[in-house]
Every structure is written in structure tokens, then in C-alpha cells.
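The values are calculated or read from the model by the stated rules, or taken from the named source; none is laboratory data. In this text, all values refer to a predicted model and were calculated from it rather than measured experimentally. Note that each Cβ is placed from the backbone with ideal geometry, even for glycine, and that neighbours are counted across all protein chains shown.
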Amino acid sequence: MTPHNHAQPGDYAEAVLLPGDPLRAKWIADTFFEDAQLVNSVRNCLGYTGTYKGKRVSVQASGMGQPSLGIYVHELINVYGVKTLIRVGTCGGLNAKVKVRDLVLAQGASTDSAIVRDRFGPYNFAPIADFGLLRAAAAKAEEKGMRYHAGNMLSSDIFYHADGFAGYDKLPDHGVIGVEMEAAALYTLAARFGVRALTICTMTDCLITHEEINADERQTSLKDMVTVALDVAIEA
């Protein structure tokens with residue numbers, strides 16, 4: 001047990017999905033798991049363990065942003081023995097070729113966060129996904145006929161950028177395809193502790209075209225994303 005998690009040792013499976021939203025964690029457990037059991041409810045950051053296609057798997061809400069995710073990921077790895085962590089979330093688009101409802105597989109995660117920058121002194125550490133998980137997610141998306149893009153994502157500490165899209169203007173020119181708030185910290189911690197991590201996002205709004213997904217499309221797209229993530233998690 002920790003100040004943030006009252007689960008007991010063994011309550012989590014070795015593979016855990018990480019949505020930011022606690023209610024999305026509950027939705028994943030209710031929608032996809034058999035025999036789902038609530039294992040953590042501290043601060044209402046809900047965690048569940050159940051089975052999917054006969055394999056044990058967990059989901060734990062991580063909250064919003066890299067500081068919050070960093071707490072849960074550190075504890076899942078070091079206290080609960082988790083070996084595979086797959087973030088499932090939403091992102092904004094920084095490339096007009098990425099359409100709403102498309103999956104974005106974060107091959108790498110650029111960031112403006114001091115969480116990564118201040119740890120490495122003169123070095124610019126490059127947080128990257130586990131290649132095996134990335135390759136498996138791409139294969140699952142192709143098998144299911146889903147549109148996806150694998151590439152560099154921005155993990156930003158700022159949701160409402162004071163300069164709007166202009167605050168990101170150099171990034172699309174260098175191949176960054178989306179923006180979210182957690183992947184860089186996830187990948188850095190996974191590298192530090194020798195475990196595997198991947199971020200899969202559904203693109204819900206484009207900062208270039210201003211196209212947005214509606215509520216019905218969001219729900220369908222999230223089901224597609226979670227299905228891919230779970231299929232990868234149980235085979236990891």
C-alpha cells in the first residue's frame with residue numbers, strides 16, 4: 001500500500017492500461033473485463049483487475065499530466081511489480097494528415113516538461129516506446145482495418161497554451177503529429193526501471209483544421225483504441 005494506492009500486493013496484473021480519467025477506467029473495466037474487481041479507490045483514482053479473453057489484466061487511472069501519471073507509474077512498477085504499461089488516451093492533432101478518430105501510436109515523446117529535462121543535465125534524453133509493443137499495436141490496428149499513425153508525440157505540461165497553435169509551430173515542421181500530456185514521463189520511467197510502455201491515443205481534435213469529434217464518434221473510437229490496447233496487453 002502507498003499514500004495513493006490501497007491495493008494489496010498481487011492485486012494488479014503484470015499488464016496495466018492507463019487512462020487519465022477515473023471514470024474511463026471504470027468504463028473499461030465494466031465494458032471489457034470479466035470478473036472485474038475494484039482494487040484502488042484512493043482519491044477516486046480508480047483501479048480494477050479482471051480478465052480479458054481469459055487473461056488477467058488491470059486498468060488504473062493516472063490523472064491528468066505528467067506529475068500525476070509519474071506517481072502512479074512509479075508505484076505500479078516498484079510496489080506492485082507491473083511490467084507492461086499502456087496509456088490509452090486522447091490527443092490533439094498537429095498534422096492535417098491525422099484525422100479525427102485516427103489512432104496515434106507514440107513512437108517517441110518530445111516534451112516541454114522539466115520532469116524529463118532536469119534529470120539528464122547536458123543530455124537531451126529521447127523518451128521512446130517499447131518497440132515490441134509498438135509493433136504489436138500497429139499490427140493489431142492493421143488487422144482491424146483501423147487508420148493509425150506512428151510517430152513523434154508532444155507531451156506538454158500546458159493544456160491552454162498562451163500562444164495557441166503558434167506555441168507549437170516548430171514541432172509539426174519536424175514530424176510531431178500530436179499533443180497530449182503524459183507519454184514522455186511514462187516512457188522515461190519505463191526506461192529507468194526496465195519495463196515496457198506504449199502510448200496509444202485517439203485523435204479527437206485537430207489544432208490545424210479545427211475538426212472535432214462528436215460524442216458518439218468519441219465513444220466508438222475509444223472502444224477501438226482500448227480493444228487494440230487490450231489485445232496487445234494480454235500478449236505482451
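A few comments on the model shown:
- Scan of the range 5-20 for residues that are farther than 16 Å from LEU85 by Cα and surrounded by 17 or more Cβ atoms within 10 Å (Cβ to Cβ), ordered by number: ASN5, ALA7
- Every pair of residues 6+ apart whose Cβ atoms lie under 7 Å, when the first sits in the range 47-65 and is of a type in the set (D, E, K, R) while the second is part of a loop (DSSP other than H, G, I, E, B): ARG56/ALA13
- Looking only at the range 181-236, and only at residues there that are among the acidic types (Asp, Glu) and in contact with a helix residue (DSSP H, G or I) (Cβ under 9 Å, 6 or more places away or on another chain), the one that is nearest to VAL79 (Cα to Cα): GLU182
- Among the candidates ALA109, ALA25, ALA36, ALA114, the residue that is surrounded by fewer than 18 Cβ atoms within 10 Å (Cβ to Cβ) and farther than 17 Å from MET1 by Cα is uniquely ALA114.
- Sub-8 Å Cβ pairs linking a first residue in the range 1-12 that is at pLDDT 90 or above to a second residue that is in a loop (DSSP other than H, G, I, E, B) and surrounded by fewer than 17 Cβ atoms within 10 Å (Cβ to Cβ), at least 6 apart or interchain, are THR2/VAL79; ASN5/VAL79; HIS6/SER41; ALA7/MET1; GLN8/MET1; PRO9/VAL79; PRO9/GLY81; TYR12/GLY81, ordered by first then second residue.
- Scanning the range 61-83 for residues that are buried (at least 23 other Cβ atoms within 10 Å of the Cβ) and more than 17 Å from HIS6 (Cα to Cα) yields a single hit, GLN66.
- Output for the range 138-164, where each listed residue is aromatic (Phe, Trp, Tyr) and surrounded by 18 or more Cβ atoms within 10 Å (Cβ to Cβ): TYR148
- Any hit, the range 171-188, residues being exposed (fewer than 14 other Cβ atoms within 10 Å of the Cβ) and touching a strand residue (DSSP E or B) at 6+ places or on another chain (Cβ under 9 Å): yes
- Residue satisfying all of: in the range 85-135; part of a strand (DSSP E or B) and over 16 Å from TYR187 (Cβ atoms); nearest to the chain's Cα centre (by Cα) among these: THR90
- Qualifying residue in the range 28-36 (condition: under 20 Å from MET181 (Cα atoms) and under 19 Å from the mean Cα position of the chain (by Cα)): no
- Scan of the range 152-188 for residues that are on the phi > 0 side of the Ramachandran plot and assigned to a loop (DSSP other than H, G, I, E, B), ordered by number: GLY175
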